[in-house]
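Student: What follows is a single structure, and I will ask about it in a moment.
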Amino acid sequence: MAGLAGLAAFAPAARAARGPAARVGDRVVWRDVTLLDGTTLPASLLERGPPVVVELWATWCPFCKRQNPHLQALADRHRGTLTVLALAIDKDPDKARAYMKDHGYTFPAAMAGSDAERWFGKREGLPEIYVVDRGRIVFREIGEMFPEDVAALGRYAVRRTG
């Protein structure tokens, strides 16, 4: 049985290596994220700061287009107690940057890249939403969420004293 316990401990690393989709309870080991505006969202903030709502999205995705205004409202409502981070799967960062600007979105956005695949595995649809709290996935949804369901992600917003 010790061998099975060893395999269970290895499972999260194996997920990252093979790429199946992440699940609730999986660990995310953040790295600094270079945002579309050229600034950096530090790994330390993602790991120890407010919970992070991550959306994997694309500029050409109609479901993402309908969901993103609700993410902006969530980010505005819970600024400082919840971080919204959009990771675009587009090939051209200029398109993603223009999309964010044209729609007036102010939440942090970056290109998905290899780190996103390491963190969240293989995509199963668009958009995909994850909530990561102190390095653990606590929520996952594949596909467009209703406005009230996006707003309900505010339940993860917390005020921490240290």
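Student: Conditions first: (1) buried (at least 19 other Cβ atoms within 10 Å of the Cβ); (2) closer than 24 Å to Asp133 by Cβ; (3) modelled with pLDDT of 95 or more. Val29 passes all but one, so which condition is the exception?
Tutor: Condition not satisfied by Val29: (1).
Student: In this structure, does Gly143 turn out to be at pLDDT 95 or above, surrounded by fewer than 17 Cβ atoms within 10 Å (Cβ to Cβ), of a type outside the set (Lys, Arg) and touching a Phe, Trp or Tyr at 6+ places or on another chain (Cβ under 8 Å)?
Tutor: Details: at pLDDT 95 or above: yes; surrounded by fewer than 17 Cβ atoms within 10 Å (Cβ to Cβ): yes; of a type outside the set (Lys, Arg): yes; touching a Phe, Trp or Tyr at 6+ places or on another chain (Cβ under 8 Å): yes.
Judged against the criteria, Gly143 is a match.
Student: Still on this model: Which residue out of Gly143, Gly104 is in contact with a Gly (Cβ under 6 Å, 6 or more places away or on another chain), over 19 Å from Pro51 (Cα atoms) and not aliphatic (A, V, I, L, M)? It would help to see each step written out before you state the result.
Tutor: Details: Gly104 fails: in contact with a Gly (Cβ under 6 Å, 6 or more places away or on another chain).
Sole residue among the options that is in contact with a Gly (Cβ under 6 Å, 6 or more places away or on another chain), over 19 Å from Pro51 (Cα atoms) and not aliphatic (A, V, I, L, M): Gly143.
Student: Name, by its number, the condition in (1) in a helix (DSSP H, G or I); (2) aliphatic (A, V, I, L, M); (3) at pLDDT below 95; (4) closer than 20 Å to Arg134 by Cα that does not hold for Leu46.
Tutor: (3)
Student: Please determine whether any residue of segment 149-157 is farther than 17 Å from Leu71 by Cα and at pLDDT 95 or above. Working first, answer last.
Tutor: The initial filter retains those residues of segment 149-157 that are farther than 17 Å from Leu71 by Cα, namely none.
The answer is no; no qualifying residue exists.
Student: Since Asp115 meets every condition but one in (1) closer than 22 Å to Ala151 by Cα; (2) surrounded by 15 or more Cβ atoms within 10 Å (Cβ to Cβ), which condition does it not meet?
Tutor: Result: Asp115 fails condition (1) only.
Student: Can you give me the ranges of the helices (runs of 4 or more DSSP H) entirely in segment 79-162 with at least 1 residues that are free of Cβ contacts under 8 Å to residues at least 24 places away in the same chain and among the polar types (S, T, N, Q)? Even if it seems obvious, please write down each step before you answer.
Tutor: On the way: elements: 93-103, 113-120, 147-152.
It comes to 113-120.
Student: Which residues, counting only those in segment 93-119, are charged (D, E, K, R) and either out of contact with any helix residue (DSSP H, G or I) (no Cβ under 7 Å at 6 or more places or on another chain) or within 12 Å of Leu35 (Cα to Cα) (or both)?
Tutor: Pass one, segment 93-119, residues charged (D, E, K, R): 94-95, 97, 101-102, 115, 117-118.
Hits for segment 93-119 are Asp94, Lys95, Arg97, Lys101, Asp102, Asp115, Glu117.
Student: Does Phe63 meet the test of being among the aromatic types (Phe, Trp, Tyr), in a loop (DSSP other than H, G, I, E, B), under 21 Å from Ile142 (Cβ atoms) and modelled with pLDDT of 95 or more?
Tutor: Numbers: among the aromatic types (Phe, Trp, Tyr): yes; in a loop (DSSP other than H, G, I, E, B): no; under 21 Å from Ile142 (Cβ atoms): yes; modelled with pLDDT of 95 or more: yes.
No.
The values are calculated or read from the model by the stated rules, or taken from the named source; none is laboratory data. Not measured: the values here are computed from a predicted model. In this analysis, Cβ positions are derived from the backbone assuming ideal geometry, glycine residues included, and neighbour counts consider all displayed protein chains.
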